[in-house]
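S.K.: Before we start, here is the structure in question, set down as structure tokens.
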């Protein structure tokens with residue numbers, strides 16, 4: 001087993017969606033806690049930068065507790081206009097930035113060709129990734145291929161982190177930043193309250209708004225406040241739920257810093273397979289997950305109190321369909337409310 005250096009410069013690459021990033025953060029948090037002197041950088045899509053830093057982004061403070069450096073990599077934007085001069089200039093910027101940090105090791109937590117390429121740009125002595133990555137071709141860009149046994153993606157990420165120096169890192173909740181202004185605003189909310197996040201990456205994962213409205217009304221009747229998280233381009237959905245709840249729920253338009261702060265104060269969160277659900281779980285909150293075409297064994301709530309509702313005939317399917325998956329529609333508001341109230345009783 002190689003000796004673990006006291007100081008090491010580590011680059012983590014995890015682009016993708018909010019939930020995907022959150023799934024990789026427990027492993028890196030375990031590394032940070034085990035090796036406080038390491039310099040850790042993270043390559044991230046720009047919209048998720050707030051998962052790592054807030055309010056000035058001073059490393060090793062509550063505003064930036066996990067990493068020392070954030071590298072903004074707008075890979076999706078590049079893919080839309082790959083040959084534009086602006087894209088090529090931005091790619092050169094990222095390459096220069098990564099090489100200037102002189103990282104010793106790069107870890108690709110995504111397993112895609114584009115994330116593996118970003119890891120290679122750092123010119124480290126070792127690029128580590130899974131032996132069976134999400135995109136098969138990515139494995140040819142790894143110097144060290146890690147065979148993982150875990151079913152959940154969080155377990156797989158921890159296994160990859162363990163492989164860097166043959167460690168046995170504990171499962172832990174991730175370190176997330178605190179924005180004082182957002183925290184102060186969230187503190188004004190009347191407690192206790194339940195947070196609903198009705199959005200989803202695509203329609204097949206989205207439980208109907210009118211059913212969320214029924215749940216909001218039932219939870220309010222049980223004595224809890226209800227807050228609806230209205231993310232970007234979800235205002236119509238949030239207001240439809242508020243209307244169908246008969247005024248029992250309050251709509252909040254939340255940026256990422258505000259969402260983190262509000263979730264910290266929630267008694268429970270209800271959502272489908274979406275970033276805010278995984279954020280609530282990352283903060284140790286009880287969650288009710290409403291699942292359809294995605295597999296909760298791989299992408300469900302993990303390391304937090306939870307109830308997952310999913311029809312046994314739902315089939316794993318990542319097709320970007322606009323209509324809710326048939327199995328998802330078999331889940332009733334009463335089942336969701338019962339699961340939520342059960343978790344709230346257990347928490348008390």
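The values are calculated or read from the model by the stated rules, or taken from the named source; none is laboratory data. Here the structure is a predicted model, which is why all the values come from computation and not from measurement. Every residue, glycine among them, receives a Cβ derived from its backbone with ideal geometry; neighbour counts consider all protein chains shown.
For (1) out of contact with any helix residue (DSSP H, G or I) (no Cβ under 9 Å at 6 or more places or on another chain); (2) not in a helix (DSSP H, G or I), each residue gets a yes or a no:
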| position | (1), (2) |
| --- | --- |
| 23 | no, no |
| 29 | yes, no |
| 43 | no, yes |
| 48 | no, no |
| 56 | yes, yes |
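S.K.: For the stretch 313-344, how many residues are exposed (fewer than 13 other Cβ atoms within 10 Å of the Cβ) and modelled with pLDDT of 95 or more?
M.R.: Residues meeting the conditions: 1.
S.K.: Within the stretch 131-151, how many residues are part of a loop (DSSP other than H, G, I, E, B) and touching a strand residue (DSSP E or B) at 6+ places or on another chain (Cβ under 7 Å)?
M.R.: Taking the stretch 131-151 first, the residues part of a loop (DSSP other than H, G, I, E, B) are 131-135, 142-143, 147-151.
Then keep just the ones that are touching a strand residue (DSSP E or B) at 6+ places or on another chain (Cβ under 7 Å); that gives 131, 142-143, 148.
Within the stretch 131-151, residues that are part of a loop (DSSP other than H, G, I, E, B) and touching a strand residue (DSSP E or B) at 6+ places or on another chain (Cβ under 7 Å) number 4.
Let's see how each residue does on (1) within 20 Å of the chain's Cα centre (by Cα); (2) surrounded by 22 or more Cβ atoms within 10 Å (Cβ to Cβ); (3) without any contact (Cβ under 8 Å) to a residue 24 or more places away in the chain:
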{"position": "163", "(1), (2), (3)": "no, no, no"}
{"position": "173", "(1), (2), (3)": "yes, no, no"}
{"position": "191", "(1), (2), (3)": "no, no, no"}
{"position": "200", "(1), (2), (3)": "yes, yes, no"}
{"position": "206", "(1), (2), (3)": "yes, yes, no"}
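S.K.: Additional query: Just one of the numbered conditions (1) touching a strand residue (DSSP E or B) at 6+ places or on another chain (Cβ under 7 Å); (2) within 18 Å of residue 44 (Cβ to Cβ) is not true of residue 154; which one?
M.R.: Looking at each condition in turn, residue 154 falls short on (1).
S.K.: Further, regarding this structure: How many residues, within the stretch 162-198, are in contact with a strand residue (DSSP E or B) (Cβ under 8 Å, 6 or more places away or on another chain) and either outside the structural domain of residue 256 (by TED's automatic domain parsing) or in a loop (DSSP other than H, G, I, E, B) (or both)? Steps first, please.
M.R.: First, the residues of the stretch 162-198 that are in contact with a strand residue (DSSP E or B) (Cβ under 8 Å, 6 or more places away or on another chain): 163-164, 177, 189-198.
Checking the rest, the ones that are also either outside the structural domain of residue 256 (by TED's automatic domain parsing) or in a loop (DSSP other than H, G, I, E, B) (or both) come to 163-164, 177, 189-192, 198.
Qualifying residue count, the stretch 162-198: 8.
S.K.: Taking the conditions exactly as written (free of Cβ contacts under 8 Å to residues at least 60 places away in the same chain, within 21 Å of the chain's Cα centre (by Cα) and surrounded by fewer than 16 Cβ atoms within 10 Å (Cβ to Cβ)), does residue 310 satisfy them or not? Write out each step before concluding.
M.R.: Numbers: free of Cβ contacts under 8 Å to residues at least 60 places away in the same chain: yes; within 21 Å of the chain's Cα centre (by Cα): yes; surrounded by fewer than 16 Cβ atoms within 10 Å (Cβ to Cβ): no.
No: the conditions fail for residue 310.
S.K.: Given the conditions (1) buried (at least 18 other Cβ atoms within 10 Å of the Cβ); (2) under 15 Å from residue 14 (Cβ atoms), which single one is not true for residue 135?
M.R.: Answer for residue 135: the failing condition is (1).
S.K.: Does residue 120 satisfy the condition of being modelled with pLDDT of 95 or more, assigned to a helix (DSSP H, G or I) and out of contact with any strand residue (DSSP E or B) (no Cβ under 8 Å at 6 or more places or on another chain)? Explain how you work it out, then say what you get.
M.R.: Details: modelled with pLDDT of 95 or more: yes; assigned to a helix (DSSP H, G or I): yes; out of contact with any strand residue (DSSP E or B) (no Cβ under 8 Å at 6 or more places or on another chain): no.
Criteria not met by residue 120.
S.K.: Can you tell me which of (1) within 18 Å of residue 113 (Cα to Cα); (2) without any contact (Cβ under 8 Å) to a residue 40 or more places away in the chain; (3) surrounded by 15 or more Cβ atoms within 10 Å (Cβ to Cβ) is the one residue 73 doesn't meet?
M.R.: The one condition residue 73 does not meet is (2).
S.K.: If you don't mind, another one. Is it the case that residue 62 is farther than 12 Å from residue 13 by Cα and either crowded, with 16+ Cβ neighbours inside 10 Å or over 24 Å from the mean Cα position of the chain (by Cα) (or both)?
M.R.: Details: farther than 12 Å from residue 13 by Cα: yes; either crowded, with 16+ Cβ neighbours inside 10 Å or over 24 Å from the mean Cα position of the chain (by Cα) (or both): no.
It is false that residue 62 is farther than 12 Å from residue 13 by Cα and either crowded, with 16+ Cβ neighbours inside 10 Å or over 24 Å from the mean Cα position of the chain (by Cα) (or both).
S.K.: Now for a separate question. Tally up the residues in the stretch 279-302 that are assigned to a loop (DSSP other than H, G, I, E, B) and over 18 Å from residue 268 (Cα atoms), please. Reasoning before the result, please.
M.R.: Filtering the stretch 279-302 for residues assigned to a loop (DSSP other than H, G, I, E, B) gives 283-286, 292-295, 300-302.
Adding the requirement that they be over 18 Å from residue 268 (Cα atoms) leaves 292-295.
Counting residues in the stretch 279-302 that are assigned to a loop (DSSP other than H, G, I, E, B) and over 18 Å from residue 268 (Cα atoms) gives 4.
S.K.: Looking for whichever is without any contact (Cβ under 8 Å) to a residue 40 or more places away in the chain and within 20 Å of residue 203 (Cα to Cα) here; the options are 338, 295, 273, 317. Which one fits? Step through it out loud before you land on a result.
M.R.: Working: 338 fails: within 20 Å of residue 203 (Cα to Cα); 273 fails: without any contact (Cβ under 8 Å) to a residue 40 or more places away in the chain; 317 fails: without any contact (Cβ under 8 Å) to a residue 40 or more places away in the chain.
Being without any contact (Cβ under 8 Å) to a residue 40 or more places away in the chain and within 20 Å of residue 203 (Cα to Cα) holds for just one of 338, 295, 273, 317, which is 295.
S.K.: Within the stretch 249-257, can one find any residue that is closer than 23 Å to residue 345 by Cα and surrounded by 24 or more Cβ atoms within 10 Å (Cβ to Cβ)?
M.R.: So the first thing to find is which residues in the stretch 249-257 are closer than 23 Å to residue 345 by Cα, and the list is 249-250.
Subsequent filtering for residues that are surrounded by 24 or more Cβ atoms within 10 Å (Cβ to Cβ) retains 249.
For the stretch 249-257, residues closer than 23 Å to residue 345 by Cα and surrounded by 24 or more Cβ atoms within 10 Å (Cβ to Cβ): present.
S.K.: Could I ask something else about it? Quick check on this structure: which one of 47, 33 is under 23 Å from the mean Cα position of the chain (by Cα) and closer than 23 Å to residue 160 by Cβ? Steps first, please.
M.R.: Working: 47 fails: closer than 23 Å to residue 160 by Cβ.
The match here is 33.
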